[in-house]
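Student: Before I ask anything, here is the structure I am working with.
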Amino acid sequence: QGSFSLYRRSICLYYQSDGERLCNTSTVKHKTKNILFKEKITMKYNNVEFDTYFKNYPDQNGFFGKYGGSYIPPELQVAMNEIAEAYQTICKSSKFIAELRKIRKEFQGRPTPISYLERLSNSIGTGVQLYVKREDLNHTGAHKLNHCMGEALLAKYMGKKKVIAETGAGQHGVALATAAAYFGLECDIYMGSVDIKKQAPNVARMKILGARVIEVTDGLATLKEAVDAAFAAYCKEYKDAIYCIGSVVGPHPFPMMVRDFQSVVGIEAREQFLDMTGELPDAVVACVGGGSNAMGLFSGFLNDPVDIYGVEPLGRGIKMGDHAASLTYGTEGIMHGFNSIMLKDENGEPAPVYSVASGLDYPSCGPEHAFLHDLGRVKYDVVNDDETIDAFYTLSRLEGIIPAIESSHAVAYGMKLAKTMGKGSVLINLSGRGDKDMDYIIEKYGIR
């Protein structure tokens, strides 16, 4: 689908007769049984076959099953149709592909590596081996630049002069400000006042890069309100600007487009893990707010017999307003122009949410996550603030890697999962580095 197929290398899938392991060529032998894999496999959940998944989802109207679509005013729909048409045309252009590949290699520093966490694995003591995909080593310190460079390049090809976006943790804002500087575009970033205080280092970075950071004080003054304000601004400027959504959310084509640009994470990770170990991981894990880093990683493993886990923020507990675990506690609903699973208050409106991680405090999730949740292909679970902060310090002290608080949710769950497994391996998406969180962590939790 679009750029996904153009960046994906051809990989033949083989499996053992009992489906235990996948390898990338028929000459790779199983680690323990020393036999060749000879048969091709197709994963299938509720009549959805994952070998052809990216050709069929989303459909032409942007739906993943009943989720997704485009629920926006007619005037704004004209702009979305323009973006969708441009994306479907441009992403198949050899010139566009060549330029994006060059950017990824020479500017972003891709591919990012996989790191084996030996000391953390040993500390758990079950024999399960933990690995992380190092998106913290992507330029600007997170996965966000993967889709921001793609979106800004699309804006350039469409002749737009400005990019507009929202940000929570600030990583999307920094990434888009970086892309705007690279391409010579104007850049407006909308950010809630609560997040501006929590993420001061990223606010400074955005301003240094030339972006205009616009403070949003409405409502809870966090990510939802920033999205509201950015959409409102875009409605007035869509002829000269493009709205670069920061996750796999929003009206079609953004859930598809952001997933496609982020799929480089899963494609790299699958090949790298096979090169490192000769087999695929038993499980892959990523945090989920809107869900862009997770869809990036998951896209590489959907047609493999690998357990996939999305980790939501339980925050302070299960009471409304104390968490942002939409897939765990939400119901179907429409917000920000798309249908998905969302947290609602007693009036059916988006509920107040909270997370220690600014990038995860969103009352809904990407429609593709809702679809994969209903299919049962991806399992979604939660970790709370205390588990997250413990994982933040544990990874820092044992491995010399300071993770973003968002990523620490995935690390925490990966550690919990490893304790329940008797053997095997877990690959965690380290979606960002923790530089942005230092002031907040020290102020609230001190140095442990």
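The values are calculated or read from the model by the stated rules, or taken from the named source; none is laboratory data. Since we're looking at a predicted model, the values are computed, not measured. Virtual Cβ from ideal backbone geometry, glycine too; neighbours counted across all protein chains shown. Only protein heavy atoms, including side chains, enter the accessible area calculation; ligands, DNA and RNA are left aside. Shrake-Rupley method; radii C 1.70, N 1.55, O 1.52, S 1.80 Å.
Student: Any idea of Val48's accessible area? Nearest 10 Å², probe 1.4 Å.
Tutor: Approximately 10 Å² of Val48 is accessible to the 1.4 Å probe.
Student: Calculate the translational D of region 238-295 in whole µm² s⁻¹ from Stokes-Einstein, where the hydrodynamic radius comes from the Kirkwood formula applied to all Cα pairs, the temperature is 37 °C and the viscosity 0.692 mPa s.
Tutor: Numbers: Rh = 13.1 Å.
The estimated diffusion coefficient comes to 250 µm²/s.
Student: Working only with C-alpha atoms, what are the Rg and Dmax values of region 286-397, expressed in angstrom?
Tutor: Calculated on Cα positions, Rg and Dmax stand at 14.0, 45 Å.
Student: What's the magnitude of the charge dipole for the chain around its Cα centre, counting Lys and Arg as +1 and Asp and Glu as -1 at the beta-carbon? Answer in Debye, nearest 20.
Tutor: Dipole about the Cα centre, nearest 20: 1440 debye.
Student: In percent, how large is the relative contact order of the chain, given Cα pairs closer than 8 Å and 6 or more residues apart?
Tutor: 19
Student: Something else now. Just how large is the dipole of region 274-414 about the Cα centre, in debye to the nearest 20, putting +1 at every Lys and Arg Cβ and -1 at every Asp and Glu Cβ?
Tutor: The dipole of region 274-414 has a size of about 140 debye.
Student: Which Cα, out of Gly366, Thr277, Val288, lies furthest along the positive dipole direction of region 272-401 (beta carbon charges, K/R +1, D/E -1)?
Tutor: Toward the positive end, the furthest listed residue is Gly366.
Student: For Lys423 and Lys44, what does the FRET efficiency come to when R0 = 25 Å and r is the distance between their Cβ atoms, rounded to the nearest 0.05?
Tutor: E between Lys423 and Lys44, to the nearest 0.05, is 0.40.
Student: Among 155-161, 175-181, 391-397, 132-138, how do they line up from the highest to the lowest mean number of other beta-carbon atoms within 10 Å?
Tutor: 175-181, 132-138, 391-397, 155-161
Student: Charges at C-beta only: +1 for Lys and Arg, -1 for Asp and Glu. How large is the resulting dipole of region 363-448 about its Cα centre, in Debye rounded to 20?
Tutor: 400
Student: Same structure, new question: Which one, Gly414, Thr394, Gly424, projects farthest toward the positive side of the charge dipole computed for region 353-437 from Cβ point charges (K/R +1, D/E -1)?
Tutor: Going by the Cα projections, it comes out as Gly424.
Student: Identify the trypsin sites (Lys or Arg not before Pro) of region 214-297 meeting these criteria: DSSP loop state and at most 15 other C-beta atoms within 10 Å of the C-beta.
Tutor: Of the trypsin sites (Lys or Arg not before Pro), the ones in loops of region 214-297 whose Cβ has at most 15 other Cβ atoms within 10 Å are Lys239.
Student: Here's another thing I want to ask about it. Calculate, for the chain, the solvent-accessible area per residue in square angstrom, rolling a 1.4 angstrom probe over the heavy atoms of the protein chains.
Tutor: Normalised by residue count, the accessible surface of the chain is 38 Å².
Student: Moving to a separate point now. Label region 72-225 by shape, choosing from rounded, prolate and oblate, from the square roots a ≥ b ≥ c of the eigenvalues of the Cα gyration tensor; if a/c is under 1.5 it is rounded, and otherwise prolate applies when a/b is larger than b/c, oblate when it is not. Numbers along the way, then the final one.
Tutor: Values: a/c = 1.98, a/b = 1.29, b/c = 1.53.
Taking the square roots of the gyration eigenvalues as a ≥ b ≥ c, region 72-225 is oblate.
Student: Could I ask something else about it? Taking 51 Å as R0, compute the FRET efficiency from the Cβ-Cβ separation of Ser193 and Tyr116 and round it to 0.05.
Tutor: According to the calculation, E is roughly 0.80.
Student: Within region 286-347, which trypsin sites (Lys or Arg not before Pro) sit in a loop by DSSP and count at most 10 neighbouring Cβ atoms inside 10 Å?
Tutor: Lys319
Student: I've got another one for you. When we measure straight from the Cα of Lys66, which aspartates and glutamates land under 16 angstrom away, once same-chain ones fewer than 8 places off are left out?
Tutor: Within the straight-line cut-off, Lys66 pairs with Glu332, Glu368, Asp374.
Student: Hey, any idea what % of the chain's accessible area is carbon plus sulfur with a 1.4 Å probe?
Tutor: Carbon with sulfur: 50 percent of the solvent-accessible area.
Student: Going down the list Lys102/Lys224; Lys105/Lys162; Lys133/Lys419; Lys133/Lys162; Lys224/Lys436, which pairs span over 23 Å between their C-alpha atoms?
Tutor: Values: Lys102/Lys224 34 Å; Lys105/Lys162 25 Å; Lys133/Lys419 20 Å; Lys133/Lys162 32 Å; Lys224/Lys436 20 Å.
The pairs that break the limit, which is 23 Å between Cα atoms, are Lys102/Lys224; Lys105/Lys162; Lys133/Lys162.
Student: Across region 254-332, how large is the tail of the calculated P(r) beyond 20 Å, expressed as a percent of all Cα pairs?
Tutor: 41
Student: Helix-derived [θ] at 222 nm for the chain: sum -39500 (n - 2.57) over DSSP H runs of at least 4, divide by residue count, nearest 500?
Tutor: -12500 deg cm²/dmol
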